Amino acid sequence: MNIQSLIRPHLRDLIPYSSARDEYQGQASVYLDANENPYPSLVNRYPDPLQKQLKEKIGALKKVSADQIFLGNGSDEAIDLLIRAFCEPKEECIVITPPTYGMYEVSAKIQNVTVKTVPLKPGFHLDEEAILRENNSENKILFICSPNNPSGNLMDQKTIERLLEEWAGLVVIDEAYIDFADSISWTTKLDQFPRLAVLQTFSKAWGMAGIRLGMAFGNQSVVDIMNKIKPPYNINTLTENEASKALDHPDYRREAVEKILAERKILGRELGNTPLVTQIYPSDANFLLVKLPNARQVYEYLVGSGIIVRDRSKVLLCEDCLRITVGTPEENREFIQVLRKF
Ligand SMILES: *Cc1c(COP(=O)(O)O)cnc(C)c1O
């Protein structure tokens, strides 16, 4: 299946909105085309609808070409647009592998796209045979989260490779936590797999959740359809400037990731020395999933002490589990001290 034939038919012929910044793309000295206020401020002009400069910087860092990059208002916008581009409401479906990130299901449901679930196997591994039983023309997008939220583990590379080869629709690999993992990104395989899209974000390792900037990497047809249906100016100038500054200093991010990884080790050890905790799942991300009896009560007790973790105890395969983000050394120490007094 080529990408064009996977796109919803009415979108293939859609003529997208053409903004002032689409219609004139050069440099000029007088701009009277967009009804902007002429009195200069940092943000009196509309931003570049396609963020070309920012994509050049991201492309250089990630070693992909700028036209293989889509930028969204968080990766959540990319998830929403992918579903809208490829899935016909009421007729077509996405496939997810719970326990996993919640937005795939929510975005699909908002658009009345059916969600099919193929649960992970114990140990949070992909059930490759069960996924391939869902490989049909109705099931347009397979979402794989690796490292997975909330379990924290990377998904097996050989399994993903087989799914990329055999899945007839689009395979979206959400790499929100890839910078914490000892693994290369699937962006390195874009040329090999035409129906692959990879999601990354500035919200986690980059420490910039507040600017709302997500990245999707895919072949030209995937990026083109996303650009065609996105809101014209989805990335604002302030976000673009902050991201651009951060990209000029990649060492800040590397150092933060190193600190978090060192702390993840310490936090894991301390949790291991806490009798209450019965299991700590291996993590390739900036959080730990831990099992402990009466997780909900522990959660509420922690809240009462001003410490908020994520209660995942009602989630499939996560019975009695809490998800704990790795904080600063001081935050983690306080958490452990309070937890031990439960
Ligand atoms: C945090 C997270 C995101 C990030 O979403 P943004 O909209 O970019 O903040 C995406 N996917 C997963 C699995 C996440 O955990």
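The table below gives the values:
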item	result
Conditions (1) more than 28 Å from Val43 (Cα to Cα); (2) away from the ligand (no atom under 16 Å from the Cβ); (3) not in a helix (DSSP H, G or I); number of the one not met by Tyr233	(1)
Matching residues, the range 127-158, being within 16 Å of the ligand (Cβ to nearest atom) and not polar (S, T, N, Q)	Ile141, Leu142, Phe143, Ile144, Cys145, Pro147, Pro150, Gly152, Leu154, Met155
Top-ranked residue of the range 1-39 - restricted to ones that are part of a loop (DSSP other than H, G, I, E, B) and of a type in the set (A, V, I, L, M, F, W, C), ranked as farthest from Tyr233 (Cα to Cα)	Met1
Residues (surrounded by fewer than 20 Cβ atoms within 10 Å (Cβ to Cβ), touching a Leu at 6+ places or on another chain (Cβ under 9 Å) and more than 17 Å from Arg333 (Cβ to Cβ)) located in the range 297-322	Tyr299, Tyr301, Arg310, Asp311, Ser313, Leu316, Leu317, Asp320
Any hit, the range 21-44, residues being within 30 Å of Cys145 (Cβ to Cβ) and in contact (Cβ under 8 Å) with a residue 60 or more places away in the chain	no
Residue match in the range 326-342 (condition: among the hydroxyl-bearing types (Ser, Thr, Tyr) and surrounded by 15 or more Cβ atoms within 10 Å (Cβ to Cβ))	no
Members of the range 264-282 found to be in a loop (DSSP other than H, G, I, E, B) and touching a strand residue (DSSP E or B) at 6+ places or on another chain (Cβ under 7 Å), listed by number	Val277, Thr278, Tyr281
Count of residues meeting criterion [within 11 Å of the ligand (Cβ to nearest atom) and of a type in the set (D, E, K, R)] in the range 69-113	3
The range 137-151 residues that are modelled with pLDDT under 95, paired with ones that are buried (at least 24 other Cβ atoms within 10 Å of the Cβ) and not in a strand (DSSP E or B) (beta carbon under 8 Å, 6 or more apart)	none
Within the range 75-113, considering residues that are buried (at least 19 other Cβ atoms within 10 Å of the Cβ) and among the small types (Gly, Ala, Ser), the one nearest to the chain's Cα centre (by Cα)	Ser75
Pick from the range 293-321, criterion under 17 Å from Arg340 (Cβ atoms) and in a loop (DSSP other than H, G, I, E, B), ranking: nearest to the chain's Cα centre (by Cα)	Val309
Enumeration of residues in the range 179-212 that are touching a residue at least 40 places away in the same chain (Cβ under 8 Å), small (Gly, Ala, Ser) and outside any strand (DSSP E or B)	Ala181, Ser183, Ser185, Ser203, Ala205, Gly207
Residue in the range 51-68 that is of a type in the set (Val, Ile, Thr), more than 16 Å from the ligand (Cβ to nearest atom) and surrounded by fewer than 16 Cβ atoms within 10 Å (Cβ to Cβ) present	no
Out of Leu61, Leu14, sole residue that is in contact with a helix residue (DSSP H, G or I) (Cβ under 7 Å, 6 or more places away or on another chain) and within 30 Å of Thr188 (Cβ to Cβ)	Leu61
Checklist (1) within 16 Å of the ligand (Cβ to nearest atom); (2) surrounded by 21 or more Cβ atoms within 10 Å (Cβ to Cβ) applied to Ser185, failing item	(2)
Cβ-Cβ under 6 Å pairs, at least 6 apart or on other chains, the range 58-79 side over 29 Å from Ala108 (Cβ atoms), far side away from the ligand (no atom under 16 Å from the Cβ) and in a loop (DSSP other than H, G, I, E, B)	Gly59/Ser65
Subset of the range 188-230 [in contact with an Asp or Glu (Cβ under 7 Å, 6 or more places away or on another chain) and either more than 15 Å from the ligand (Cβ to nearest atom) or under 29 Å from Glu165 (Cα atoms) (or both)]	Val198, Leu199, Gln200, Gly214, Gln220, Val223
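Conditions tested, residue by residue: (1) touching a Ser or Thr at 6+ places or on another chain (Cβ under 8 Å); (2) over 21 Å from Pro147 (Cβ atoms); (3) modelled with pLDDT of 95 or more; (4) not polar (S, T, N, Q).
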residue	(1), (2), (3), (4)
Asn241	no, yes, yes, no
Asp251	no, yes, no, yes
Ala256	no, no, yes, yes
Lys259	no, no, yes, yes
Glu263	yes, no, yes, yes
Thr274	no, yes, yes, no
Val277	no, no, yes, yes
Ser283	no, no, yes, no
Leu289	yes, no, yes, yes
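The values are calculated or read from the model by the stated rules, or taken from the named source; none is laboratory data. Treat the numbers as computed from the prediction; the structure is a model and nothing was measured. All Cβ positions, glycine included, derive from the backbone under ideal geometry; neighbour counts span all protein chains shown.
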